[in-house]
Each structure stands twice: as structure tokens, then as C-alpha cells.
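The values are calculated or read from the model by the stated rules, or taken from the named source; none is laboratory data. Since the model is a prediction, treat every value here as computed from it, not as a measurement. Cβ: placed from backbone, ideal geometry, glycine included. Neighbour counts: every protein chain shown. Ligands, DNA and RNA are stripped out before the accessible areas are found, and what is left, the full protein with its side chains, is counted by its heavy atoms. Shrake-Rupley method; radii C 1.70, N 1.55, O 1.52, S 1.80 Å.
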Amino acid sequence: MADANWYVVHTYSGYENKVKANIEKTIENRHLEDEILEVRVPMQDVMEVKNGVRKNVQKKMFPGYVLINMVMNDDTWYVVRNTRGVTGFVGPGSKPVPLSEIEMKPLGIKVENVTVDFAEGDTISVIAGVWKDTVGVVQRMDYGKQTATINVELFGRETPVEIGFSDVRRMN
């Protein structure tokens, strides 16, 4: 399988979250989870003053654009390009150009590869964060977000929880 890269997609202004939701739904329906890894609308915290009241709000860093971490091939290109609200990939002509590591750094996207000593089905212990000292079985691994999804018991029910790779340790 080819390596995944980050690409920028141009959308109608104000449709970024709708495009993100539509692409994620298509990924699920067409089972493209291994080819389109992550869809992101970069946000930033901004201090806004309205009627003399200071308020911290989230604003889109790049209105009209969505970032997609994907393996570029004819299928993925077609799915993204033909999503309602998408006007095209950013790049010369119709050829999408992946973002370089230098361009991704200010966006807070991690590029380094993380190796972990656990996999789906392994029992792990949470060593940091809200779920510290919780033990669970890994249900899903997301290397793009660097998270593992485990089931924990909450109010007498099994509930899936996303935990960062750095916050867990494999049980022996």
C-alpha cells in the first residue's frame, strides 16, 4: 500500500463541516477507512469581544478549505472530488499536491511515526489522563490520530473511549 499524505481540498465557503461529514459518511459506506485516514477542518481559538464581553471562540483557520490525510489513487480522488460542496483539490491543474512537513507543522499535525507494543485485541492499562488506572481491551487503532479505542465500564455499560498512544501501557 502506498503512503498517505495530507492534501488540501477547496470547498464552498461555509460548507467545510458539511464536506467533512459527507466525506466521512462516504468513507464508512464504501469501506475506505484504510485509504482515507482523516478529514480535518483546522480550527484556532480566538478571543472575541461582543457588547463589551470577552469570549473565547473557535474559528476556522482556513475558511473554504478542508485537509484530508489519504492515499491518493483513482478511487479516493473520485470520492473526494465528487463530494457535494467540494470544488477541487489544491494544486496545479487537476493534479493534487500533498502538503510538505514544513507546511503541516504550523497546523499542529504530527508526522512522526509512532511504534507501539500493543495491537487490537491486546489488554492495556491507562497510565495518564482522566481514565488513569483503567484497564481495557483495544478495539481499534488510529495511527493518524495516534489513539487507541478501548471499552471501559461506565455506569454498568461498556463504553468506547479514545486514549492517546502515549497514555497507555501494554499489560503482561
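Over the chain, what is the relative contact order in whole percent, taking alpha-carbon pairs under 8 Å and six or more residues apart?
21 percent
Write down the radius of gyration of the chain and its Dmax, each obtained from C-alpha positions, in Å.
18.7, 58
Show the residues, 5+ positions off or on another chain, whose built amide H is closer than 5 Å to the amide H of Asp122.
Amide H to amide H, under 5 Å and 5 or more residues apart or across chains, Asp122 pairs with Val138.
What residue among Met47, Met104, Met70 has the largest mean-square fluctuation in a Gaussian network model of the chain, using Cα springs under 10 Å?
Among Met47, Met104, Met70, the largest GNM mean-square fluctuation belongs to Met47.
In the neighborhood of Phe89, defined by Cβ-to-Cβ distances under 14 Å, what is the net charge if each Lys or Arg adds +1 and each Asp or Glu adds -1?
It works out to a net charge of +1.
If you roll a 1.4 Å probe over the heavy atoms of the protein chains, what accessible area per residue do you get for the chain, in Å²?
66 Å²
Please quote Rg/Rh for the range 34-98 to two decimal places, taking the Kirkwood radius as Rh and restricting both calculations to Cα atoms. Intermediate results must be reported in sequence, preceding the final value.
Details: Rg = 16.2 Å, Rh = 14.1 Å.
Radius of gyration over Kirkwood radius for the range 34-98 works out to 1.15.
Of Thr159, Gly14, Gly121, whose Cα points farthest to the positive end of the dipole of the chain (charges on the beta-carbon: +1 Lys, Arg; -1 Asp, Glu; origin at the Cα centre)?
After comparing all options, I get Gly14.
Please label the shape of the range 5-50 as rounded, prolate or oblate, based on the square roots a ≥ b ≥ c of the eigenvalues of the alpha-carbon gyration tensor (a/c under 1.5 means rounded; beyond that, a/b larger than b/c means prolate, else oblate).
prolate
Please get the size of the charge dipole for the chain, origin at its Cα centre, with Cβ charges of +1 on Lys and Arg and -1 on Asp and Glu, quoted in debye to the nearest 20.
I would put it at about 940 debye.
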